[in-house]
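Here's the structure, in structure tokens; my notes come after.
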Amino acid sequence: MAGPCLARRAWPGLEWAFGSKPMTATILETFPNQHPGRDYLVTHTCPEFTALCPKTGQPDFATIRISYVPDQRCVELKSLKLYLFSYRDRGIFYEAVTNVILDDLVAVMRPRRLTVEGLFNVRGGISSVVTATYEAPAPGARRRAKKR
């Protein structure tokens, strides 16, 4: 007989939750970049990230490293912390959570470049590192593409 966590999962879907609210990027807040004319790297590290394995319901522990070159907006740290901690009761695979975090941050900040690394702790004798990257198209490339 399946345990309660297995009975609550939406298999074969990638994401499910134990009664938690659906995750959205609306919790993320931004503020204006005070140096938009300069490329500089911002790196945030969350060494206490947790989510749930969607197959077993067991907790997965990771360090999430977010590095980006801002354009007009930067992410506000308290909202980023609350956003990352809100995954604590959400069942989601390593690959999916890394890409969802990337997509949500790109949507709210529209950075020049952004990389999210998920360094997942050992589980079953295997540790995993998942890296997702975004690079904004060059402004001139957008104009040339539209003319064609």
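Coordinate-derived values only; no laboratory data. Small disclaimer: the values here were computed from a predicted structure and weren't measured. With ideal geometry, Cβ positions are generated from the backbone for all residues, glycine too; neighbour counts draw on all protein chains shown.
Couple of notes before you dig in:
- Protection-proxy order for peptides 26-38, 74-86, each taking the mean of Cβ atoms within 10 Å per residue, highest first: 74-86, 26-38
- Percentage relative contact order, region 20-70, counting C-alpha pairs under 8 Å, at least six apart: 37 percent
- In terms of the mean number of neighbouring beta-carbon atoms within 10 Å, the peptides 128-138, 53-63 order highest first as 53-63, 128-138.
- Using 0.36 nm per residue and subtracting the Cα-Cα separation, the extra length available between Gln34 and Ala107 on full extension is 24.3 nm.
- Contour excess over end-to-end distance, with Cα ends at Ser86 and Ala136 and 0.36 nm allotted per residue: 15.3 nm
- Point-to-point label distance, Thr26-Asp71, nm (Cα→Cβ direction, 7 Å offset): 2.4 nm
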